[in-house]
Amino acid sequence: MKLVEITLCTNRSAAIKEFYGTVLGLDILEDQPGRLSFRAGESVLAFRENAAADQSFYHIAFTIPTNKMSEAKQWATARGITLFSREGQEEFSFESWHASALYFYDPDDNLIEFIAHHTLDNASTEAFGPEQLLRISEIGLPVDDVPDVASKLKRMFQLEMWGGDGQQFTPLGDAEGVLIVVDRRRPWFPDGRVPTVFETAVKISGTVPASHSADSTAEGKVLASESADGMAESKVLASESADGTAEGKVLASDSAESTASGSVSLVFQDGLYELESV
């Protein structure tokens with residue numbers, strides 16, 4: 001699976017443009033009122049202006065060549081980026097993923113990660129620079145019920161669980177791209193902040209179900225439907241809990257046995273996650 005495009009919200013467009021376009025040196029694809037987008041290797045990172053985004057933050061990761069972690073640290077530091085450090089440690093290893101990573105923040109306090117997957121054949125002889133950000137490979141998706149969300153996404157989009165405990169933290173995908181389904185009450189590694197649930201749009205490429213069955217809840221909501229062009233559409237409801245905290249829940253089911261190669265968008269907007277094939 002690959003993450004084709006990620007759209008996040010911001011209320012600091014000027015600072016975001018400066019950081020991603022100048023500090024990180026990514027090519028600007030769009031620069032228009034209300035929307036910015038940048039080329040990050042094989043992926044697109046986009047931002048939509050939203051005045052309510054002040055209290056939100058996201059977690060995304062960029063894949064870098066497997067042999068460039070040391071250079072990436074030097075490169076980022078030389079550009080004035082303060083790397084996250086815990087007890088003097090700036091580089092973190094993930095044995096189960098055969099990966100290493102470093103973390104920092106953008107102007108919106110989003111948790112940004114450079115990750116080198118040592119199982120990928122992507123070593124580079126070029127000096128580290130913006131072109132070494134090969135793709136966006138992770139997006140965090142905080143939800144209320146991780147097992148429920150993960151099981152439905154696995155069925156619907158042929159995704160495999162890639163580590164995690166299956167209860168509070170479930171990565172879905174592989175070294176090329178991962179949807180990190182996380183309990184909204186579980187602090188992020190490594191900085192310990194509790195995730196926020198806010199508008200997110202994710203377009204992924206891979207194998208997706210060709211058809212879904214319609215289902216409904218006790219409240220009568222349709223959970224999955226077939227669109228006019230035969231592409232499956234599903235929805236994930238985000239509701240308000242008693243304490244006013246947003247909760248994300250997948251409310252879709254499917255009975256598809258056949259699959260079709262294509263891409264799918266996952267959108268969280270106006271209180272609703274929506275997944276649709278494109």
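The values are calculated or read from the model by the stated rules, or taken from the named source; none is laboratory data. A quick note: this is a predicted structure, and the numbers were derived from the prediction, not measured. A quick note on method: Cβ atoms are made from the backbone with ideal geometry, for glycine too, and the neighbour counts reach across all protein chains shown.
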For VAL149: the one exception among (1) under 14 Å from the mean Cα position of the chain (by Cα); (2) under 20 Å from MET1 (Cα atoms): (1)
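So which residues in the stretch 20-67 are of a type in the set (A, V, I, L, M) and within 29 Å of THR119 (Cβ to Cβ), if there are any at all? If you could, list the steps in order and put the result at the bottom.
Kept after step one, since they are of a type in the set (A, V, I, L, M), are these residues of the stretch 20-67: 23-24, 26, 28-29, 36, 40, 44-46, 51-53, 60-61, 64.
Once the filter is applied, which keeps residues that are of a type in the set (A, V, I, L, M) and within 29 Å of THR119 (Cβ to Cβ), the stretch 20-67 yields LEU24, LEU26, ALA40, VAL44, LEU45, ALA46, ILE60, ALA61, ILE64.
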So ALA78 fits all but one of (1) closer than 30 Å to ARG48 by Cα; (2) surrounded by 16 or more Cβ atoms within 10 Å (Cβ to Cβ); what number is the exception? (2)
It is to be established whether one or more residues within the stretch 94-104 are of a type in the set (Gly, Ala, Ser), farther than 23 Å from VAL181 by Cβ and surrounded by fewer than 20 Cβ atoms within 10 Å (Cβ to Cβ). no
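Filter the stretch 149-177 down to residues that are hydrophobic (A, V, I, L, M, F, W, C) and in a loop (DSSP other than H, G, I, E, B) and give me whichever is modelled with the lowest pLDDT. It would help to see each step written out before you state the result.
Of the stretch 149-177, the ones hydrophobic (A, V, I, L, M, F, W, C) are 149-150, 153, 156-157, 159, 161-162, 169, 172, 175.
The next check asks that each one be in a loop (DSSP other than H, G, I, E, B); those that pass are 159, 162, 175.
Numbers: LEU159: 85, TRP162: 79, ALA175: 94.
So the residue we want is TRP162.
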Could you check, for the stretch 194-213, whether at least one of its residues is outside any loop (DSSP other than H, G, I, E, B), modelled with pLDDT of 90 or more and surrounded by 22 or more Cβ atoms within 10 Å (Cβ to Cβ)? no
Can you tell me which residue in the stretch 3-35 is surrounded by the fewest Cβ atoms within 10 Å (Cβ to Cβ), limited to those that are in a helix (DSSP H, G or I) and not aliphatic (A, V, I, L, M)? THR22
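Here's a check for you: in the stretch 57-75, which residue that is within 24 Å of ASP31 (Cα to Cα) and hydrophobic (A, V, I, L, M, F, W, C) is surrounded by the fewest Cβ atoms within 10 Å (Cβ to Cβ)?
Step one: filter the stretch 57-75 for residues within 24 Å of ASP31 (Cα to Cα), giving 57-62.
Now narrow it down to the ones that are hydrophobic (A, V, I, L, M, F, W, C): 57, 60-62.
Details: PHE57: 18, ILE60: 23, ALA61: 23, PHE62: 23.
Out of the qualifying residues, it is PHE57.
State whether one or more residues within the stretch 55-76 are free of Cβ contacts under 8 Å to residues at least 12 places away in the same chain and either under 21 Å from the mean Cα position of the chain (by Cα) or at negative phi (or both). Spell out how you get there, then give the answer.
Pass one, the stretch 55-76, residues free of Cβ contacts under 8 Å to residues at least 12 places away in the same chain: 70.
Checking which are either under 21 Å from the mean Cα position of the chain (by Cα) or at negative phi (or both) leaves us with 70.
The answer is yes, given that some residue of the stretch 55-76 is free of Cβ contacts under 8 Å to residues at least 12 places away in the same chain and either under 21 Å from the mean Cα position of the chain (by Cα) or at negative phi (or both).
So is GLU138 charged (D, E, K, R), within 19 Å of LEU45 (Cβ to Cβ) and part of a helix (DSSP H, G or I) or not? Before you say what the answer is, go through the steps one by one.
Numbers: charged (D, E, K, R): yes; within 19 Å of LEU45 (Cβ to Cβ): yes; part of a helix (DSSP H, G or I): no.
No.
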Selected residue [out of contact with any Asp or Glu (no Cβ under 6 Å at 6 or more places or on another chain), surrounded by fewer than 21 Cβ atoms within 10 Å (Cβ to Cβ) and of a type in the set (Phe, Trp, Tyr)] from PHE169, PHE157: PHE169
Could you list all residues from the stretch 142-200 that are among the β-branched types (Val, Ile, Thr) and in contact with a His (Cβ under 9 Å, 6 or more places away or on another chain)? ILE180, VAL182
Output the number of residues of the stretch 70-97 satisfying the condition of being outside any loop (DSSP other than H, G, I, E, B) and not aromatic (Phe, Trp, Tyr). 13
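Kindly provide the set of residues from the stretch 36-56 that are surrounded by 14 or more Cβ atoms within 10 Å (Cβ to Cβ) and more than 17 Å from GLN132 (Cα to Cα), ordered by number. If you could, list the steps in order and put the result at the bottom.
So the first thing to find is which residues in the stretch 36-56 are surrounded by 14 or more Cβ atoms within 10 Å (Cβ to Cβ), and the list is 36-50, 53, 56.
Matches in the stretch 36-56: LEU36, SER37, ALA46, PHE47, ARG48, GLU49, ASN50, ALA53, SER56.
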Of all residues being under 19 Å from ALA72 (Cα atoms) and hydrophobic (A, V, I, L, M, F, W, C) in the stretch 1-37, which is farthest from the chain's Cα centre (by Cα)? Just the residue, please. VAL23
Residue count for the stretch 40-65, restricted to those that are in contact with a Leu (Cβ under 6 Å, 6 or more places away or on another chain) and in a loop (DSSP other than H, G, I, E, B): 2
Go through (1) over 24 Å from THR63 (Cβ atoms); (2) aliphatic (A, V, I, L, M); (3) in a strand (DSSP E or B) and name the single condition ILE180 misses. (1)
